[in-house]
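What follows is a short report on a single structure.
Just so you know, all these numbers are worked out from the coordinates, no wet-lab data involved. This structure is a prediction, so every number in the text was calculated from the model and none was measured. Every residue, glycine among them, receives a Cβ derived from its backbone with ideal geometry; neighbour counts consider all protein chains shown.
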Amino acid sequence: MALEEKIGQYLSFLSNCFTAPAASASYGLDYLGSGYTSYQLLPVDDLSRIGIVLAGLAFVGFLLNVKDRYCILCFTWLLFSFGLLGIYGWGASENGMILYTLYFSWALLSLLYAGFRKVLRKHPIIRLSLAGIAFVAMAAVNIRGLRDLILFGINYYPL
């Protein structure tokens with residue numbers, strides 16, 4: 001797999017730390033040749049703009065807090081994730097980087113919040129308002145993906 005494809009999947013991975021990944025029901029055959037339907041991630045075919053923005057904001061969050069030991073740890077962990085997922089391509093061949101969001105998203109979120117906190121340190125009302133807006137926006141963006149997943153389960157795995 002080409003480096004460009006791995007980096008594209010990594011940027012999509014960064015975006016998927018906050019947004020539901022693009023997925024759909026897919027029909028396939030198991031090892032016995034019988035058909036089944038599964039819910040699968042769609043292939044990544046372009047660079048995620050959201051992923052690029054999140055990577056940039058995380059870097060800015062690190063630069064604003066470069067003396068904070070926790071931010072250094074977070075940035076080091078993100079560099080490790082980039083090396084493992086973006087360069088080496090762990091999980092890239094099966095389009096499975098989404099599996100690693102639990103391992104790495106905490107570092108990304110921490111750096112984003114640290115930068116956000118530093119920029120708005122003198123404006124707590126604005127900081128809390130923007131955090132609330134971000135929470136509502138994430139819920140609105142992700143509710144459709146959750147609904148689609150639940151409907152898939154109801155249709156293909158009835159009780």
| request: Grab the Cα-Cα distance for Lys67 and Tyr36, subtract it from 0.36 nm times how many residues apart they are, and report the gain in nm with one decimal. | output: 5.9 nm
| task | Report the calculated FRET efficiency for Ile87 and Ile125 (r = Cβ-Cβ distance, R0 = 30 Å), to the nearest 0.05. | result | 0.10
| Hz values of 3J(HN,Hα) by residue in the stretch 146-159 - Karplus curve (6.51, -1.76, 1.60), Gly and Pro given as x | 5, 4, 4, 5, 5, 5, 4, x, 5, 6, 9, 9, x, 6
| Counting only residues 5 or more places away or on other chains, whose amide H sits under 5 Å from the amide H of Ala23 once H atoms are built in the peptide plane? | Leu42
| message | Using the basic label-point model (7 angstrom from Cα toward the beta carbon), what is the Tyr156 to Arg49 distance in nanometres? | response | 3.1
| note | Once both label points are put 7 Å beyond Cα along the C-beta direction, the Leu79-Tyr113 separation in nm becomes 2.3
| note | Which of [x] 18.6, 72; [y] 18.8, 64; [z] 18.2, 63 is the computed Rg and Dmax of the Cα atoms in Å? It is [z]
| query | Restricting attention to the stretch 37-94, which trypsin sites (Lys or Arg not before Pro) occupy a DSSP loop and are surrounded by at most 14 other Cβ atoms within 10 Å? | reply | Lys67
